[in-house]
2 protein chains.
Amino acid sequence: MEMVAEKQVKALSERTLRRLPRYIEILKRLKSEKIEFVSSNMIADELGLDSIQVRKDLAATGVTGKPKLGFAIDELINGIKHTLNWDNQTDAFLVGAGSLGSALLGYKTFSDHGLNIIAAFENEPSKVSGIINNITILPIEKLSDMAFRMKVHIGVITVPIDQAQHVADMMIEGGIRAIWNFAPIHLKVPDFVIVENAQLSHSLGVLTHKLAESLKGENK
Amino acid sequence: MEMVAEKQVKALSERTLRRLPRYIEILKRLKSEKIEFVSSNMIADELGLDSIQVRKDLAATGVTGKPKLGFAIDELINGIKHTLNWDNQTDAFLVGAGSLGSALLGYKTFSDHGLNIIAAFENEPSKVSGIINNITILPIEKLSDMAFRMKVHIGVITVPIDQAQHVADMMIEGGIRAIWNFAPIHLKVPDFVIVENAQLSHSLGVLTHKLAESLKGENK
DNA sequence: TAGATTGTTAATCGATTAACAATC
DNA sequence: TAGATTGTTAATCGATTAACAATC
């Protein structure tokens with residue numbers, strides 16, 4: 001039981017994981033400007049971070065830099081993508097073809113981010129059997145069986161709040177292991193299921209609070 | 001210079017701010033079940049948090065509980081809303097009436113979250129002068145002037161990546177003080193402008209990474 | 001070689017968790 | 001009164017930042 005050495009054992013913190021896509025953003029821009037190497041300092045400046053933090057984050061991807069030169073941009077992009085598993089695509093089902101769901105179905109860029117939405121599901125009969133961005137909308141009853149048969153591992157929930165838990169249950173029954181949840185509700189799931197919340201209100205609350213504080217400070 | 005006592009001086013951490021909307025979600029549900037008091041323990045259980053953390057967070061809103069009884073739900077909801085400034089509505093402009101922007105324009109619930117989108121702006125002439133959810137879509141050229149004249153303080157950016165910085169600049173020129181940014185780019189803004197990023201890729205990266213780790217663990 | 005930059009170990013900071021007295 | 005729950009002070013934990021040796 002003495003540490004069966006794996007390529008990369010250290011767990012990445014959630015904070016680091018959330019910064020990695022930001023690095024990719026900067027790196028892609030630099031790459032398009034034909035730049036080949038970048039220092040941690042340059043990245044830090046672009047994003048308003050600390051260069052030590054950038055180096056720590058990048059170290060977690062396993063990519064190493066060269067003293068005096070910095071990091072090879074191509075290698076770094078690939079390393080970060082690999083860490084996020086964005087160099088593979090995982091099949092996903094989306095449930096809830098309302099306006100947000102439809103907008104997500106229209107996103108071409110998810111394939112660059114490891115996500116491949118292969119079907120959508122709906123409650124509402126009038127929407128069923130429509131097609132958005134080449135993705136067919138199926139009746140919700142088929143969700144569990146199809147997820148199971150097609151070995152789909154990711155579920156995206158964009159249904160109203162009162163249906164979200166039920167949809168999550170069906171997903172899990174179908175073997176789905178990770179849920180990207182846009183409904184403003186805390187889903188109850190077994191330990192082996194990963195839930196990532198993408199709820200607008202969380203981010204909006206930070207904004208409205210900070211703005212109020214900032215404007216208050218002015219009238220002092 | 002010795003502490004001009006204000007109602008509530010302690011700064012709220014960003015972590016706390018992000019949890020506050022989750023408390024509201026639970027509290028509203030309990031309220032609909034006619035429950036009047038709730039303990040920090042019950043809230044913690046519902047959300048998978050620690051009850052001490054819940055008490056600390058709630059303390060930051062200024063609402064106090066009663067030993068043995070817990071917190072009065074109505075009072076708590078109001079206190080949290082006040083902390084987030086969700087008991088006021090701040091006027092906002094949205095720029096970029098693509099699919100995501102249009103979906104956001106359709107959200108009726110932003111008014112419960114302190115946000116009142118009063119106009120949308122677009123580059124694309126074919127979309128200009130359309131109306132979505134009673135909100136008129138105007139040509140982008142009018143953005144700065146109108147923001148200034150109408151004293152709009154919040155800007156929502158849902159344009160493609162290559163236009164986002166320019167739109168942010170126009171917003172700031174028009175006096176906008178807080179930007180809710182959905183474009184996957186780090187905006188450069190003066191210190192007095194608040195930027196809150198709502199970028200899907202950040203949350204998606206956490207999901208795809210964790211799922212990969214989880215599935216890897218299984219085949220060990 | 002001198003200088004810039006990496007990568008790591010140590011120090012600091014802030015957030016979470018624990019302990020416990022106060023109180024209804 | 002006894003017991004449950006709050007609210008606060010102290011302890012722990014983890015993430016950020018600092019210091020610095022290694023290296024190209």
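No value in this document is a laboratory result; all are computed from the given coordinates. Nothing here was measured: the structure is a model prediction, and the numbers come from that model. Every residue, glycine as well, gets a Cβ built from its backbone with ideal geometry; the counts of neighbours run over all protein chains shown.
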What is the ratio of the Cα radius of gyration of region A:14-84 to 2.2 N^0.38 Å, where N is its residue count, to two decimals? 0.96
Closest Cβ on chain A to the rotation axis that carries it onto B (distance rounded to whole Å): A:103, 2
What residues have an amide H closer than 5 Å to that of residue B:194, excluding those fewer than 5 places away on the same chain, when H is modeled at 1.01 Å from N in the peptide plane? B:178, B:179
Could you work out the per residue convex hull volume over the alpha carbons of the protein assembly as shown, in cubic angstrom? 195
Measuring from label point to label point, each 7 Å out along Cα→Cβ, what is the residue A:36 to residue B:161 span in nm? 2.3
Shortest-first nm distances, residue B:139 label point to equivalent points in other copies (7 Å, Cα→Cβ): 5.0
Please turn the phi angles of region B:181-190 into ³J(HN,Hα) values with the Karplus equation 6.51 cos²θ - 1.76 cosθ + 1.60 (θ = phi - 60°), one per residue in order, whole Hz, x for glycine and proline. 9, 9, 7, x, 8, 7, 7, 9, 9, x
Let me know the charge dipole size of the protein assembly as shown about its Cα centre in debye, to the nearest 20, where only the beta-carbon of Lys, Arg (+1) and Asp, Glu (-1) is charged. 540
What is the spin-label model distance, in nm, from residue A:87 to residue A:192 if the labels are put 7 Å beyond Cα along the C-beta direction? 2.8
Averaged across A:12-21, how many Cβ atoms of other chains sit within 10 Å of each residue's Cβ atom? 4
Among residues other than residue B:44 whose Cβ falls under 12 Å from its Cβ, what is the net charge (Lys/Arg +1, Asp/Glu -1)? 0
Cross-link partners among lysines for residue B:142, C-alpha distance below 23 Å, same-chain residues fewer than 8 apart left out? B:127, B:151, B:188
Net charge within 14 Å of residue B:159 by Cβ-Cβ distance, Lys/Arg positive one each and Asp/Glu negative one each, not counting residue B:159 itself? -3
Need one number: % antiparallel among DSSP beta bridges in the protein assembly as shown, to the nearest 5. 20
Cβ-Cβ cut-off under 15 Å around residue A:120, Lys and Arg +1, Asp and Glu -1: the net charge is -2
Within a 10 angstrom radius of each residue's Cβ in A:191-201, how many Cβ atoms of other chains show up on average? Whole number is fine. 6
Most to least packed among B:11-18, A:51-58 [average Cβ atoms within 10 Å]: A:51-58, B:11-18
Any idea how far the Cα center of region A:46-101 sits from the one of region A:169-212, in Å? 22
Counting only DSSP beta bridges with both residues in region A:77-220, tell me the antiparallel percent, nearest 5. 10
Only helical DSSP H runs with n ≥ 4 go in: add -39500 (n - 2.57) per run for the protein assembly as shown, normalise by residue count and round the 222 nm mean residue ellipticity to 500 deg cm²/dmol. -13500 deg cm²/dmol
Principal axes first, then extents: for the Cα atoms of chain A, list largest minus smallest coordinate on each axis, whole Å, largest first. 61, 60, 43
Apply the Debye scattering formula to region B:95-220, with a single equal point scatterer on each alpha-carbon and no solvent, then give log10 I(q)/I(0) at q = 0.11, 0.19 Å⁻¹. -0.43, -1.04
